[in-house]
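The values are calculated or read from the model by the stated rules, or taken from the named source; none is laboratory data. Because the structure is predicted, anything quoted here is derived from the model rather than measured. Here Cβ is always computed from backbone atoms with ideal geometry, including for glycine, and neighbour counts include all displayed protein chains.
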Amino acid sequence: MTSQTMTAAAAGTWTLGDREINRIGFGAMRLTQSGEAFADDAVPSDRGRAIRVLRRAVELGVNHIDTAAFYFSPLRSANELISRALAPYPEDLVVTTKVGPGRDPSGAWIAHATARQLRGQVEENLRQLGRDHLDVVNLRVVGSDSIAERFGALAELREAGLIRHLGISNVTPEHLDEAQAIAPVVCVQNMYGIGVRPEHDAFLRTCGERGVAFVPFCSIAGDGRQAGASGAEHEEVLAVARAHGASPAQVRLAWTLQRGSHVLAIPGTGDPAHLEANVAAGALRLTADDLAALDSLHRRGA
């Protein structure tokens, strides 16, 4: 499918908290380096190219960017690139960030932030992005322990005006119940895609029933995660791609978006051509037969 005239508006919109956004957004994780994200031997990205990609994304109608202060590589910070490329920020742009994990200046991962440390992480994001408030902050979770104390700390920062809306990432349905008992939750951000975590299908539906956006990450790469998509692809995906003159990545994005009107996409890339192809995927409408074949593949956990 051609991407020359496609904009993010073709994917439709969702109201995230009190902000209407296009359902195709942009993930900033891959902006800072080439190769596998967070790898010690990765090469820093070209700064000018990364800035051009961000500006082009906004030109194409992307008004939802996902980032984090821990998205950095030697010489590059995703938040710094976003600020350099887009400040002063467009009024309709929603920048979502994550707190919880942390990395020291060398890039080594450190213990997840305590409730008291979360304020420092929020303030670091504010400083790097050049904002006086953050549009959406996701509490990134590892494990199944209670999040009440940490989410409660973020709820206090929301009451103080440093955060506009709250979300949670890498979580279980029980975490959503726990968070919603403390403060409104506008989004759940979990790894999900064709064949990736089919056991989360019910959780995705629950989010829709509660008016909570479901935001899959790694929906193109799948189990490749930070390393990106592998060279191999399933025949079911290839067949649908051929039928629509699309790429397998576009099919995977389109399938994800068609899981529900509350599902948002945040594909990331440092390549201008890949950016345009990702945005164009928002206009791809899969048929009932396409969905049946892909759903079967998904249920197999392929």
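ALA69: buried (at least 19 other Cβ atoms within 10 Å of the Cβ) and more than 15 Å from GLY268 (Cβ to Cβ), yes or no? Let's see the steps before the verdict.
On the way: buried (at least 19 other Cβ atoms within 10 Å of the Cβ): yes; more than 15 Å from GLY268 (Cβ to Cβ): yes.
Against the criterion (buried (at least 19 other Cβ atoms within 10 Å of the Cβ) and more than 15 Å from GLY268 (Cβ to Cβ)), ALA69 qualifies.
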Task: Residues that are of a type outside the set (A, V, I, L, M), crowded, with 19+ Cβ neighbours inside 10 Å and either within 15 Å of VAL136 (Cα to Cα) or at pLDDT 95 or above (or both), drawn from the stretch 90-111 - done: THR96, THR97, LYS98, GLY100
Open item on the list: Among the residues of the stretch 134-182, what is the count of those that are under 20 Å from ARG205 (Cβ atoms), aliphatic (A, V, I, L, M), out of contact with any Leu (no Cβ under 7 Å at 6 or more places or on another chain) and free of Cβ contacts under 8 Å to residues at least 40 places away in the same chain?
Closed with: 2
Open item on the list: Against the definition (free of Cβ contacts under 8 Å to residues at least 40 places away in the same chain, in contact with a Gly (Cβ under 7 Å, 6 or more places away or on another chain) and surrounded by 15 or more Cβ atoms within 10 Å (Cβ to Cβ)), how does VAL185 come out, yes or no?
Closed with: yes
TODO: Please state which of the following conditions ASN138 fails to meet, knowing it meets all the rest: (1) closer than 20 Å to VAL188 by Cα; (2) of a type outside the set (Phe, Trp, Tyr); (3) over 16 Å from the mean Cα position of the chain (by Cα).
DONE: (3)
Task: Entirely in the stretch 227-302, the helices (runs of 4 or more DSSP H) that have 1 or more residues that are at pLDDT 95 or above, surrounded by 22 or more Cβ atoms within 10 Å (Cβ to Cβ) and of a type in the set (Lys, Arg) - done: 248-257
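Given the residues ALA265, ALA292, which is the only one that is more than 16 Å from PHE217 (Cα to Cα) and not basic (Lys, Arg)? Break it down into steps so the answer makes sense when it comes.
Working: ALA265 fails: more than 16 Å from PHE217 (Cα to Cα).
Sole residue among the options that is more than 16 Å from PHE217 (Cα to Cα) and not basic (Lys, Arg): ALA292.
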Open item on the list: Can you tell me which condition ILE220 does not meet? The list is (1) touching a helix residue (DSSP H, G or I) at 6+ places or on another chain (Cβ under 6 Å); (2) modelled with pLDDT of 95 or more; (3) outside any strand (DSSP E or B), and all the others hold.
Closed with: (2)
